[in-house]
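Asker: I'd like to ask you about the structure that follows.
The values are calculated or read from the model by the stated rules, or taken from the named source; none is laboratory data. Everything numeric in this text was worked out from a predicted model, so none of it was measured. In this analysis, Cβ positions are derived from the backbone assuming ideal geometry, glycine residues included, and neighbour counts consider all displayed protein chains.
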Amino acid sequence: MQDCPYCHARDQWGPICLECGKSLCEDDIKKMNLQEVDLIEKYTICYNALKNAEKLIKNELYERIPLPDTLPDISLLKKLPKPKEIDLIDIICVAESISCSKLEAYYKIPTDSGERLGDFIRQDILKDFSDSQRLIQLSRLYSWLYILD
């Protein structure tokens, strides 16, 4: 939690200040927009690694990729947006999900360079965003607004 930099309301935990209504993700949104090409390139690396894992799992070639004892649900991989179709904020959501959430089972799979996907994500995507949890909440709000339209 942090105080709002605009109205100084205390302990604001969401992506938007509950007092003044201003975005608390403004700096991270600016970073995302400035790094658009770079983020899409990095997401492409993630996407390719996950799609490769999906193919190997479908073909029951589990020994070729490091997976946890319980086989992960590949239905989530089928829903991944293609690199040219993904919103920038959703790149952060996918990265965070691999780092510590629904897609965490794929943390150890290798990228084309041989680096573990989770390490790549933490070092090359998430490190630049101070509060990825707020961005994820903002993405959820955006999704709900889109549904309500």
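Asker: Under 21 Å from Pro15 (Cα atoms) and part of a helix (DSSP H, G or I) - does that describe any residue in the range 112-121?
Answerer: No - not one qualifying residue is present in the range 112-121.
Asker: Can I ask one more? When the range 45-85 is examined, which residues are found to be more than 16 Å from Leu103 (Cα to Cα) and either among the polar types (S, T, N, Q) or not in a helix (DSSP H, G or I) (or both)?
Answerer: Matches in the range 45-85: Asn59, Glu60, Leu61, Lys82, Pro83, Lys84, Glu85.
Asker: Quick one: is Lys108 in a loop (DSSP other than H, G, I, E, B) and modelled with pLDDT under 90?
Answerer: Considered against the rule, which asks whether it is in a loop (DSSP other than H, G, I, E, B) and modelled with pLDDT under 90, Lys108 comes out as no.
Asker: Against the definition (touching a helix residue (DSSP H, G or I) at 6+ places or on another chain (Cβ under 8 Å), farther than 22 Å from Ser113 by Cβ and not acidic (Asp, Glu)), how does Ile40 come out, yes or no? Step through it out loud before you land on a result.
Answerer: On the way: touching a helix residue (DSSP H, G or I) at 6+ places or on another chain (Cβ under 8 Å): yes; farther than 22 Å from Ser113 by Cβ: no; not acidic (Asp, Glu): yes.
The answer is no for Ile40.
Asker: Conditions: (1) surrounded by 14 or more Cβ atoms within 10 Å (Cβ to Cβ); (2) at pLDDT below 90; (3) within 15 Å of the chain's Cα centre (by Cα). Ile74 meets all but one. Number of the miss?
Answerer: Here Ile74 meets the rest and fails (3).
Asker: Here's something else I'd like to know. Given the criteria surrounded by fewer than 17 Cβ atoms within 10 Å (Cβ to Cβ), modelled with pLDDT of 90 or more, within 21 Å of the chain's Cα centre (by Cα) and at negative phi, does Lys30 qualify?
Answerer: So Lys30 fails the test.
Asker: Among the listed residues Ile74, Ile65, Ile109, which satisfies the condition of being of a type in the set (A, V, I, L, M) and closer than 17 Å to Tyr43 by Cα?
Answerer: The match here is Ile109.
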